[in-house]
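Every number here is computed from the coordinates shown, using simple stated rules; none is lab data. Computed from a prediction, not measured in an experiment: that's the story for all the values here. So basically every Cβ, Gly included, is an ideal-geometry build from the backbone, and we count neighbours across all protein chains shown.
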Amino acid sequence: MSRVSEGPLGRTAVQWPPTWIVALLAAFTTASHADDVIILRSKLPVKDRKVEVLDPDGVHISGGTILAWEDIDSGRLDHDQDRFDAMLKDLGGPLYQIGRSLKQGEHAAALESAERLFPLYVSRRSRTAHTVAQALMWGLLNKGQRERSVLPFLVVMECQRAARERVPPPGTRRLNLDLSTGLSHDLLPLFLNATAAREVLPEVRRFISGMASPVPPGVRLLVAGLAIAALELDGAATELAQLGEVSKEVIEWHQALAARLDGARGRPAAATIAQYQRLLASETELVRLFAHYSLGETRVAQADEETRRSGVIDLLYLPAVYPNHQPDLTAAALDLAARTLEDLGDPEAKLLRKGPQTRASAGQGPG
């Protein structure tokens, strides 16, 4: 195809490129600006989108969508291919394994990967960060490591507070958390390992300093509980002083931790025991559990046998009434009761030793 052009040299025939050349140029132009292709684990392709950002939360594509690494099988990018491949290898497999373990209720199986990835997500508020932190919290609680579970719990809380839409992590186990108060039935402010409490307190405090305002009172209670276990008693008092009368439940937990703080400061045992006995009438079920454990812990530390045996009965309240809900505290109560009976030369101690044990009994804090 051609057209005639009038120029300084006269009339000249200008030849248009052949059709096949036009097609080739069009194909080359299209290929040079081809959209990236992401293949999901479901084998569905995501195309006609450009990859804009790669970060631990996932692959950010045009349109504001984030594809989580655990959902991706492979991908072809026109840039950052090596970085994409490396991040998919380092994050995709472990995150997928965490999600699968949570779906199957195998929290112990998720723990190793969650613990390794957690530093990447501690400051993030994405769905993936939520899943990693929740997996770590469940895994640590199942091992009786209550103190170390506080930081991932706080990350879960912040992820939920920041979420526009509540999307729970995989699996059927759900965290019982009141976002308005920060109280959770899954993590009571009762800590028993003094060494572990001292180790986690600095990092927990740093995290709280960057939390969205206002900091829920339940967070103050957790820090106070850690500080009491670590014998940082002035720090515990400071946390309790910052609590407002938000709800009756918060007030009762304040009273419970104040009693524990008084005991740690050396208040006469009779007065501390009286405080715990009053808490047994609490309307909050888990405050009553806290009171039974703390009352038993205080009584078994006394000199006379009758008081110590009363303390054993208080401790056995936990496995009798809460055999499954608070397994780590139940195991700690059984262990302390058994050790007390062994010290008293009571053969019944052998029966208690047949029950579950816990790592939480080591390095116990004050009663």
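Worth a mention:
- Ranked packing of 270-281, 108-119, most packed first, by mean Cβ within 10 Å: 108-119, 270-281
- Taking a point 7 Å out from the Cα of Ala212 in the direction of its Cβ, the residues of segment 91-128 whose backbone N falls within less than 19 Å of it are 121-128.
- Backbone amide hydrogens, once placed in the peptide plane, bring Ile39 within less than 5 Å of Val46, Asp73, Ser74, Gly75, Arg76, excluding anything fewer than 5 places away on its chain.
- Greater than 28 Å apart at Cα, pairs in Lys103/Lys350; Lys103/Lys248; Lys143/Lys248; Lys103/Lys143; Lys143/Lys350: Lys103/Lys350; Lys103/Lys248; Lys143/Lys248
- Whole-number D in µm² s⁻¹ for segment 75-168, Kirkwood Cα-pair radius fed into Stokes-Einstein, 25 °C, 0.890 mPa s: 178
- Summary of packing: across the peptides 82-89, 211-218, the per-residue average of other C-beta atoms within 10 Å ranks them, highest first, as 211-218, 82-89.
- The angle between the Cα long axis of helix 127-142 and the main principal axis of the chain comes to about 30°, on a 0 to 90 degree scale.
- Principal-axis tilt of helix 327-343 within the chain, Cα atoms, nearest 10 degrees: 30
- Identified option (computed P(r) over Cα pairs in 20 Å bins from 0, in percent; candidates [x] 28, 54, 17, 0; [y] 28, 61, 11; [z] 25, 42, 19, 8, 5, 2, 0): [z]
- Label-point separation in nm, Asn176 to Thr195, each point 7 Å along Cα→Cβ: 3.1
- Straight Cα distances below 23 angstrom link Lys50 to the lysines Lys89, with same-chain residues fewer than 8 positions distant left out.
- Arg127, Arg148, Arg76, Arg260 arranged by Cβ crowding within 10 Å, fewest neighbours leading: Arg76, Arg127, Arg148, Arg260
- Set of aspartates and glutamates near Lys47 by C-alpha distance (under 17 Å), chain-local residues within fewer than 8 positions excluded: Asp35, Asp36, Asp71, Asp73, Asp78, Asp80
- Comparing Leu140, Leu341, Leu351 in a Gaussian network model of the chain where C-alpha atoms under 10 Å apart are linked, the largest mean-square fluctuation is found at Leu351.
- Residues Thr340, Thr131, Thr172, ranked from the fewest to the most other C-beta atoms within 10 Å, line up as Thr172, Thr340, Thr131.
- Neighbours of Arg166, meaning other residues whose beta-carbon lies under 14 angstrom from its beta-carbon, give a summed charge of +2 when Lys and Arg score +1 and Asp and Glu score -1.
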